[in-house]
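See structure below.
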Amino acid sequence: MTRMMRSTTQESGTPRGLDRLVNFSDATVAIAITLLLLPLVDAVSDARPDHVWQLLDEHRGTVIAFFVSFAVIARMWTMHHRLFERVNAWSPALMRVNLFWIASIVFLPVVSNMLAAAAQSSPANALYVGTVAVASLTFALMEALVVRDRSLRIDDDRSDFHPANSWLTFAALLVALVATIVLPESGVWWLLLLVPAGWGSDLLQRRTEHTTDITPGARLSARRRLRPIRLVPGRSRR
């Protein structure tokens with residue numbers, strides 16, 4: 001009996017192990033965001049105070065890459081934070097996928113600098129979009145693992161999870177990656193496909209919530225109210 005309990009604990013992880021996993025992920029994301037700023041710090045170190053606008057114009061690509069990558073990492077971390085707020089244990093599979101997610105986040109500052117240095121480079125654009133797609137894919141896999149494994153979740157309620165939205169986002173990024181390779185002149189503007197993908201996710205989520213709000217008892221009552229009245233010949237309904 002004791003061996004079985006130990007085996008179950010090892011499979012689902014411990015609260016301390018989950019804390020270490022989340023803290024390691026948060027620290028890595030913080031380091032990645034800090035690395036985004038280093039090229040701007042190097043540029044400002046040699047700048048003159050009376051040439052601020054000239055400096056910003058000369059490093060316009062670096063500034064744009066910083067804000068875009070910061071928004072991407074911030075969005076990814078927010079989704080990661082919301083997911084793990086509903087998790088009370090970890091599994092080896094969840095830890096492995098989370099490490100791949102961390103690797104994609106850490107690699108974003110590298111491809112961001114490539115994008116700033118060679119904005120018209122097709123390989124740099126494709127590599128940037130591909131890295132964001134890998135981060136999206138690994139998050140969708142993590143969410144799927146949590147939804148499928150009851151031992152990882154805080155409770156049985158699945159209404160807070162929307163795995164279809166995550167897969168829709170990944171599909172949009174996959175289309176953007178293919179479009180970036182086939183039509184490289186548009187650069188990373190294909191990432192704007194995430195906007196209609198977000199609209200589709202919101203619509204899908206609202207429909208799912210509306211369906212979930214209708215309980216089986218309410219459906220049965222509605223069927224009874226809509227059931228046609230059958231009149232038996234020779235009898236009057238009082």
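Laboratory data are not the source of any read-out in this text; all were calculated from the coordinates shown. Predicted, not measured: the structure shown is a model, and the values here were computed from it. Please note: Cβ atoms are built from the backbone with ideal geometry, for glycine as well, and neighbour counts cover all protein chains shown.
Summary table below
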quantity: Environment charge of Thr138, counting only residues whose C-beta is closer than 15 Å and scoring Lys/Arg +1, Asp/Glu -1; calculated: +1
quantity: Amide H contacts under 5 Å for Arg153, placed H, 5+ residues apart; calculated: Asn88
quantity: Extension gain, Leu99 back to Ala43 (0.36 nm per residue minus Cα-Cα distance, nm); calculated: 17.0 nm
quantity: Calculated FRET value between Phe24 and Asp156, using beta carbons and R₀ = 25 Å, to 0.05; calculated: 0.35
quantity: Loop-located trypsin sites (Lys or Arg not before Pro) in the range 83-163, at most 15 other Cβ atoms within 10 Å (DSSP); calculated: Arg158
